[in-house]
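Worksheet: one structure, shown below.
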Amino acid sequence: MRRSQLIPVLLAGSLILIGCEEKSEGKEGKSRTEHNQQLVQEKVDAWKAGTGSLFDLVSERVQWTVAGTSPVSGTYNSKRDFMNHAVAPISARLNAPVKLTAAELTGHDDKVIILWQGTATAKDGKEYNNTYSWHMTLQNDSIIKVEAFLDTYVLHDLLQRITDSTGKQQ
């Protein structure tokens, strides 16, 4: 087969592979994709109901990257580091935790992406509304890696406008 004939064959084969759903079965005969999406959806539903959080699935050894240039942007190499240095400064400026109001999930294999809306009331009485997209990698029913995207302008405004409980601005 000539090279000019081989390229369309390779391209077609690649497209077939990309489009194929991974067939390995996980728990209860579901594909890994279905299992991981269901796991995340259950935690999303619990978060909406106020009975749990997506953070319940986060591994203690997670690698969590917050995109952008906000004061909390960067890579955190443990759940504790992320919670203490990214979540806590935000929570300290809110009257209650961010409430997940709408979410959409998609995924493939060990990857699950959630696009969600969050809202809360800041300590100055203004609403904090943000849109988040978390690109998560799961392994053994735990989230081991996250790339988080959000409106960092809205976050930066919150962090600059309100001091935390120690009187510190970010």
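The values are calculated or read from the model by the stated rules, or taken from the named source; none is laboratory data. Here the structure is a predicted model, which means the values were calculated and not measured. With ideal geometry, Cβ positions are generated from the backbone for all residues, glycine too; neighbour counts draw on all protein chains shown. Protein only, heavy atoms only, side chains kept; ligands, DNA and RNA dropped before computing areas. Shrake-Rupley method; radii C 1.70, N 1.55, O 1.52, S 1.80 Å.
Brief remarks follow.
- Each Lys and Arg adds +1 at its Cβ and each Asp and Glu adds -1 at its Cβ; summed about the Cα centre, region 53-143 shows a dipole of about 340 debye.
- Rounded percent of accessible protein surface that carbon and sulfur make up, region 79-165, 1.4 Å probe: 49
- Our coupling estimate for region 41-55, obtained by passing each phi through the Karplus curve with A = 6.51, B = -1.76, C = 1.60 and θ = phi - 60°, is 4, 4, 6, 4, 4, 5, 5, 4, 7, x, 10, x, 7, 5, 5 Hz, Gly and Pro reported as x.
- Flagged links, alpha-carbon separation over 24 Å, of LYS79/LYS126; LYS30/LYS145; LYS30/LYS79; LYS48/LYS126; LYS30/LYS111: LYS79/LYS126; LYS30/LYS79
- Within-13-Å neighbourhood charge of ASP124 [Cβ basis; K, R +1; D, E -1]: +1
- The mean sequence distance of close C-alpha pairs (under 8 Å, at least 6 residues apart), as a share of the length of region 43-170, puts its relative contact order at 24 percent.
- Karplus 3J(HN,Hα) series, Hz, for region 105-113 with 6.51 cos²θ - 1.76 cosθ + 1.60 (x for Gly, Pro): 10, 8, x, 7, 6, 9, 9, 9, 10
- On full extension, the segment bounded by ALA96 and GLU127 gains 10.0 nm, given 0.36 nm per residue less the C-alpha separation.
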